[in-house]
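So the structure is just underneath, and the comments pick up after that.
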């Protein structure tokens with residue numbers, strides 16, 4: 001943790017920076033508020049002054065994940081991939097990441113388990129699915145989109161929790177994607193085409209690359225936020 005500068009003035013941003021790093025590299029379960037506080041030479045009370053619980057701190061990283069995923073989604077479509085294929089690749093990458101990296105699995109499962117962050121995921125993903133699947137379900141009401149996303153989030157959680165020794169990763173991916181696309185009434189031939197494209201890719205390598213890029217992204221974002229905070233404080237004086 002040597003890159004954390006304990007002399008920086010914005011305690012809240014310091015907490016976010018360190019917690020984000022710990023959650024994604026060491027795992028949510030292995031990270032406690034007392035561990036974060038000890039690393040920053042703070043009391044646990046200093047942490048809970050800014051964040052009521054570890055779940056509320058996790059919510060900050062989940063929102064950073066959304067921003068990162070939106071950038072990746074835009075990049076994929078800019079490269080010529082359809083929004084449907086980009087959507088399929090996103091879930092595939094997460095499944096591959098959780099299969100290979102236990103700390104990342106801990107982070108994702110915590111995000112889907114906590115009511116605080118699950119609500120965020122469902123809200124964010126409902127808007128995304130409207131973009132991806134809107135042409136297939138133009139008649140749906142907001143209530144129908146929300147109800148379907150509640151089911152989809154359960155499928156995603158089950159996929160993240162399933163291990164290779166129980167069900168091979170390609171089977172996990174195919175089953176999850178087919179079930180999700182079926183919920184949005186995607187025709188069978190189109191479902192098969194998208195799943196075949198995904199499984200033909202090196203999705204494990206994709207997962208490793210995405211995880212590496214996400215770690216770099218959160219480090220950069222949190223560093224920039226700290227620098228902006230320092231600059232604002234210096235201008236006051």
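The values are calculated or read from the model by the stated rules, or taken from the named source; none is laboratory data. Here the structure is a predicted model, which is why all the values come from computation and not from measurement. Because the Cβ atoms are built from the backbone with ideal geometry, glycine has one as well, and the counts that use them run over all protein chains shown.
Structure data summary
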| item | result |
| --- | --- |
| Condition met for residue 191 (surrounded by 14 or more Cβ atoms within 10 Å (Cβ to Cβ) and over 27 Å from residue 67 (Cβ atoms)) | yes |
| Subset of the range 157-174 (residues that are in a helix (DSSP H, G or I), within 25 Å of residue 122 (Cβ to Cβ) and free of Cβ contacts under 8 Å to residues at least 24 places away in the same chain) | 158 |
| Single residue of 144, 213, 135, 127 found to be surrounded by fewer than 20 Cβ atoms within 10 Å (Cβ to Cβ) and outside any helix (DSSP H, G or I) | 135 |
| Any hit, the range 137-152, residues being under 27 Å from residue 205 (Cβ atoms), touching a helix residue (DSSP H, G or I) at 6+ places or on another chain (Cβ under 7 Å) and in contact (Cβ under 8 Å) with a residue 40 or more places away in the chain | no |
| Residue 66, sole failed condition from (1) touching a helix residue (DSSP H, G or I) at 6+ places or on another chain (Cβ under 8 Å); (2) farther than 29 Å from residue 231 by Cα; (3) in a helix (DSSP H, G or I) | (2) |
| Tally, over the range 72-81, of residues that are free of Cβ contacts under 8 Å to residues at least 12 places away in the same chain and in contact with a helix residue (DSSP H, G or I) (Cβ under 8 Å, 6 or more places away or on another chain) | 2 |
| Selection from the range 191-210 of residues that are without any contact (Cβ under 8 Å) to a residue 40 or more places away in the chain and in a helix (DSSP H, G or I) | 191, 192, 193, 196, 199, 200, 205, 209 |
| Selection status of residue 31, within 20 Å of the chain's Cα centre (by Cα), farther than 30 Å from residue 129 by Cα and either in a helix (DSSP H, G or I) or free of Cβ contacts under 8 Å to residues at least 40 places away in the same chain (or both) | yes |
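Quick grid of which residues meet (1) in a helix (DSSP H, G or I); (2) at pLDDT 95 or above; (3) surrounded by fewer than 20 Cβ atoms within 10 Å (Cβ to Cβ); (4) touching a strand residue (DSSP E or B) at 6+ places or on another chain (Cβ under 6 Å):
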{"position": "72", "(1), (2), (3), (4)": "yes, no, yes, no"}
{"position": "75", "(1), (2), (3), (4)": "yes, no, yes, no"}
{"position": "89", "(1), (2), (3), (4)": "yes, yes, no, no"}
{"position": "92", "(1), (2), (3), (4)": "yes, yes, no, no"}
{"position": "98", "(1), (2), (3), (4)": "yes, yes, no, no"}
{"position": "104", "(1), (2), (3), (4)": "yes, yes, no, no"}
{"position": "107", "(1), (2), (3), (4)": "yes, yes, no, no"}
{"position": "110", "(1), (2), (3), (4)": "yes, yes, no, no"}
{"position": "118", "(1), (2), (3), (4)": "yes, yes, yes, no"}
